[in-house]
Amino acid sequence: MKKYNLIYWISTGLFSAFMLFSAYNYLAAPEMKEAFASLGFTEDYFRIELAVAKFLGALALLLPFVPKGIKNFAYAGFSINIVSAIIAHIAKDYNAYAFLVFSVATIALSYFSSIKLQSLKQNVQS
């Protein structure tokens, strides 16, 4: 159980840090405003909305008292976000694939280790 707990917190911490950095970048970096505009989002609302969603999702994953259903909602939202980012990067030929692979690997590790931890906790309680 200790092994899965360690895997969960490391992968969740890395993924959440990446999402928090990304959210900050969406709000602070002029290059991100230009990148969204090149994808056809000329208004700022989507970029800001995505930054807020990433911030809230990262908090949902990091805070231990957040209910399982909300954490699963955050995992689903991040998964949709990553798939959308992959499509956008391929469409615009951006060369940031390492970050996308990192995101997929860490969110997968986080999610599957959380499932394993929940099943181990249920077995201990039984």
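Under the condition of being hydrophobic (A, V, I, L, M, F, W, C), modelled with pLDDT under 90 and open to solvent by less than 70 Å² (accessible area, probe 1.4 Å), the residues counted in the stretch 69-116 number 5. Residue 17: closer than 30 Å to residue 4 by Cβ, free of Cβ contacts under 8 Å to residues at least 60 places away in the same chain and crowded, with 17+ Cβ neighbours inside 10 Å, yes or no? Judged against the criteria, residue 17 is not a match.
Residue count for the stretch 64-89 satisfying the condition of being in contact with a helix residue (DSSP H, G or I) (Cβ under 8 Å, 6 or more places away or on another chain) and of a type outside the set (Phe, Trp, Tyr): 12. What about residue 123, is it at pLDDT 95 or above and not hydrophobic (A, V, I, L, M, F, W, C)? Criteria not met by residue 123. Applying the criterion of at least 2 residues that are within 30 Å of residue 7 (Cα to Cα) to the helices (runs of 4 or more DSSP H) found wholly in the stretch 25-126 leaves 45-62, 68-92, 97-125.
The set of residues in the stretch 50-68 being within 12 Å of residue 19 (Cβ to Cβ) and open to solvent by less than 50 Å² (accessible area, probe 1.4 Å) consists of 50, 51, 54, 57, 58, 60, 61. Taking first residues from the stretch 60-71 that are under 14 Å from residue 10 (Cα atoms) and partners that are of a type in the set (Phe, Trp, Tyr) and not in a loop (DSSP other than H, G, I, E, B), the Cβ contacts under 9 Å between residues at least 6 apart in sequence or on separate chains come to 61/15; 61/75; 61/78.
The values are calculated or read from the model by the stated rules, or taken from the named source; none is laboratory data. Everything quoted here is computed from the prediction, not taken from an experiment. Please note: Cβ atoms are built from the backbone with ideal geometry, for glycine as well, and neighbour counts cover all protein chains shown. Calculation scope for accessible area: heavy atoms of the full protein, side chains included, ligands and nucleic acids excluded. Shrake-Rupley method; radii C 1.70, N 1.55, O 1.52, S 1.80 Å.
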